1. Peptides 477-485, 161-169: what's the order by average Cβ count within 10 Å, highest mean first?
2. Using the Cα gyration tensor of region 145-227, with a ≥ b ≥ c the square roots of its eigenvalues, what is the shape: rounded (a/c below 1.5), prolate (a/b larger than b/c) or oblate (neither)?
3. Taking 0.36 nm per residue of separation and subtracting the Cα-Cα distance, what length does fully extending residue 387 through residue 348 add?
4. What angle do you read, to the nearest 10 degrees and between 0 and 90, between the alpha-carbon axis of helix 216-225 and the longest principal axis of the chain?
5. Once the Cα atoms of helix 71-87 and of the chain are each reduced to a long axis, what angle between those two axes, in degrees from 0 to 90 to the nearest 10, is obtained?
6. What order do you get for 138, 97 when you list them from fewest to most C-beta neighbours inside 10 Å?
7. Whole Å is fine, so just give me how far the alpha carbon centre of region 117-188 lies from that of region 309-384.
8. Assuming 0.36 nm per residue, please report the length gained on full extension of the stretch residue 141 to residue 105 beyond their Cα-Cα distance.
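Rule-based calculations on the coordinates, nothing more; no lab input. The model shown is predicted, which means the values in this text are computed figures rather than measured ones. For neighbour counting, all protein chains shown are included, and Cβ atoms are generated from backbone atoms with ideal geometry for every residue, glycine included.
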Ligand SMILES: NC(=O)C1=CN([C@@H]2O[C@H](COP(=O)(O)OP(=O)(O)OC[C@H]3O[C@@H](n4cnc5c(N)ncnc54)[C@H](OP(=O)(O)O)[C@@H]3O)[C@@H](O)[C@H]2O)C=CC1
Ligand SMILES: O=C(O)CCCC(=O)O
C-alpha cells in the first residue's frame, strides 16, 4: 500500500540497530495493517532476543562517549532532531494515521506533542544541577552530583506511537543515557520514522535503537534480564507492567511505569454545563477512547443528570467516524479486531445488567475496525464499565447526590492516573482535588497534558513522572561525594 508521503524514505521496514538499518537475526517479517481499511501497509523486520542483546551492547558502548559530552553538545543534537520532526510533521502524521487510525488532525497534534518532549529535554539537559550540603564536620563538605542511570530499555504502546517514544527518549538522551526501544507490534512505523530523523540529525550510532517485533515476550525477557540494562520504562497495560516489574527485580533495575487508568470526571450541579459537556466528550472520545487518561466514568450530580445527558448525547450524535485520512471524519477506528471484541464484551455485560445504550452500543457496519461512539445510562458500580479501563468510545454516565459520594465513587478503583472535576466552587476545587487518589487532576479542563507537566499515576496506574522538570530525574542517579580534609 502506498502512503501519500512527501518523503517516502521515512517509511522504513527494517530495525534500527547501532546506527544501521537491519533485518532481524531470524530474517522474519510481520505485517502492519491500516485499522481503517484492514489493508496491509507493509511488512517489517521481526527482531528477537539476539537483536535485543546486540542493541543493548551497542547502547552500552555508545553511552561511554555520549555521557562525556557537555550538556550543550547533547542539547544541540536533540534540538536538530526536534527541528527535523517539525519539518516532517505532515509525513509523520500520515504514517501515524495509517498505522494507528487516529484522525489526521490528532496525528498532527501528536507529532507536535511528541516533538515538544525532544525540545523540552534539549533545554533541561543543561539544568542538571548538583548540590553542596553543609556537614556536621568543619573540615569536609558533602557534594551531590547527578549521573546518567545507564542503558535504558523501553516498551511502548500503540495508542501514542510517537509521543510515548519521545517522552522516554528525550530525557534518556538528555541525561546522557542510550536507549533500546520496542514499539508496539501495531505501530512500529512511526517509531522507525523518528529513528530515521534522529539519524539525519546526527545522533551518534548506538544511542537510539528501535526493535520492531511481534515477539514482545522474548524482547521483554531480554530487556528485563540483561544486567547491562539499568532501567526499564514501560507504557501499557497494568498486568504487563506488573510482570515486567517483577522480572526487573532480579537485577534491581529502576523502573518507570505508565499503566492503565480508570479516570472519573465529577460534574457538580454548579458547573458550567456546556463546558462540562464539551470537556467530557473531548476527553472521552479522544483517540476513539484509547488513551490512558481518557475519561472512563462520567459522574454527574443527580440534579443535573438529565440535562447533562441530553446535551452530551446531542453532541456525540454529530460525530462522524471514518478513515482518519478523510477530512470529514471526526473520529477514527479502534486499533484492531480484538479491541472491537473487548469493547463489546463490556457493553454487553452492562446491557445485560440493565444499562441502556442511548447512543451507539455496537460496532459500526462499515469496513475496518470501527465502533460506534456510545453512551450508556442506567449504569451502576456493579458493572465492568465502572471497574475496568474501557479503552474504546463508550461513555457510561453514573449519578451521585453529594460531594462525599462522588469522591468515594471516584476513588473506588485500584487505578489512580487522571481525574477531572467540573465546579465553580473554589473550596470544593481544593477539597476534591486533595481527596481524589490520582497523579493528575483537571479542574474545569480535560486537555491537561503537555511537555511541561509531570505525567504519571499512583496506585496501580504506575510510578515515576514523565515530562516536566521532574522527568529527567527518572534517568539520573544521585551520587554523594564527601570532600574531606578541607583544612590540610
Ligand atoms: N497506559 C496506556 O497508555 C495503555 C494502556 N493499555 C491498556 O492495555 C489494554 C491492552 O492493550 P495492549 O496493547 O494489549 O497493551 P499491552 O500492555 O499488552 O502492550 C503495551 C506494550 O507492551 C508490549 N508487551 C505486551 N506483552 C508483553 C510482555 N509480556 N513482555 C514485554 N512486552 C510486552 C506490547 O507489545 P506488542 O504490541 O508487540 O504485544 C506493547 O509494546 C488496553 O485495552 C488498555 O486498557 C494499552 C496501551 C496503552
Ligand atoms: O495513553 C497514554 O499513555 C498517553 C496519554 C496521552 C497524553 O499524554 O496526553
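1. 161-169, 477-485
2. Since a/c reaches 1.5 but b/c is at least a/b, the shape of region 145-227 is classed as oblate.
3. 12.6 nm
4. Helix 216-225 sits roughly 40 degrees off the main axis of the chain.
5. The answer is roughly 40 degrees.
6. Going from least to most buried by this count: 138, 97.
7. Between the Cα centres of region 117-188 and region 309-384 lies a distance of 38 Å.
8. In short, 7.5 nm is gained.
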